[in-house]
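Visitor: Structure below; questions to follow.
The values are calculated or read from the model by the stated rules, or taken from the named source; none is laboratory data. Keep in mind that what you see is a predicted model, and the values were worked out from it rather than measured. We place every Cβ from the backbone using ideal geometry, glycine too, and count neighbours over all the protein chains shown.
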């Protein structure tokens, strides 16, 4: 029985405490190999690399053509970059050779460079990055989702085709996706900072709001419905756009969609 190449990559993870403890990384490795086994006839190689870099005031990440980005903040002093690499080729050997040629740049901008590909071969790199909570982020992706958790600072992001997940944020958050849903989880008792302005063109919006949360909330859709799971106070008629004061009010939290429904839920 042929041993999957991704299993060889798993053996090297024991030396890295962060990777070894990351359930999402283990799931990604498993899904990467499993998905590649039935979608087409190409062979897939999946592996993970970890790099530690000194902290900086602004972190820029470019997911390039097909990479997603996850950023997780905590009370740490450095930045750990987990690069999730997958390559496909006509054979296992070709897929591994492609992956071995990929270089992740860790300079002013984190991005991957790799070999040119031909018919029936491809590669991509997604990122799981662990950072200090107080940091500025500038994230770009084309065909990949963006997830940001526990960050207090300036955040700007954009992706063309991918969902967006935001949780435990504060500061000044601005971003958009063209094709993908937006999930926002607010935490604490109020928005701390300038506010949030997040938009999607084609995708639904879901916002989870703590009880007794204070902010000025604005949400709406052009083509879709509003589903509000708790009592709110508004002036005028609720149509497809809603502006309301939560609790004592405060910073503006705006989450909008053009084509998709809106759901508001109280935690």
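Visitor: Please find, within segment 84-104, the residue that is nearest to residue 70 (Cα to Cα) out of those that are modelled with pLDDT of 90 or more and part of a helix (DSSP H, G or I).
Guide: 99
Visitor: Here's a follow-up. How many residues does segment 142-164 hold that are part of a loop (DSSP other than H, G, I, E, B) and closer than 18 Å to residue 112 by Cα?
Guide: 4
Visitor: Out of 134, 174, 154, 111, which single residue is modelled with pLDDT of 95 or more and under 26 Å from residue 26 (Cα atoms)?
Guide: 111
Visitor: Just a yes or no: is a residue in segment 87-98 under 24 Å from residue 158 (Cα atoms) and either touching a strand residue (DSSP E or B) at 6+ places or on another chain (Cβ under 6 Å) or in contact (Cβ under 8 Å) with a residue 24 or more places away in the chain (or both)?
Guide: No, because not a single residue in segment 87-98 is under 24 Å from residue 158 (Cα atoms) and either touching a strand residue (DSSP E or B) at 6+ places or on another chain (Cβ under 6 Å) or in contact (Cβ under 8 Å) with a residue 24 or more places away in the chain (or both).
Visitor: Does segment 246-254 include one or more residues that are more than 23 Å from residue 136 (Cβ to Cβ) and without any contact (Cβ under 8 Å) to a residue 40 or more places away in the chain?
Guide: Within segment 246-254, one or more residues are more than 23 Å from residue 136 (Cβ to Cβ) and without any contact (Cβ under 8 Å) to a residue 40 or more places away in the chain.
Visitor: How many residues does segment 65-75 hold that are crowded, with 18+ Cβ neighbours inside 10 Å and part of a loop (DSSP other than H, G, I, E, B)?
Guide: Total meeting the criteria: 2.
Visitor: Out of the strands (runs of 3 or more DSSP E) lying entirely within segment 195-267, which hold 3 or more residues that are crowded, with 16+ Cβ neighbours inside 10 Å?
Guide: 195-202, 205-209, 215-220, 241-246, 252-259, 262-266
Visitor: Checking the conditions here, which among 118, 174, 134 is part of a strand (DSSP E or B) and out of contact with any helix residue (DSSP H, G or I) (no Cβ under 9 Å at 6 or more places or on another chain)?
Guide: Only one candidate qualifies: 174.
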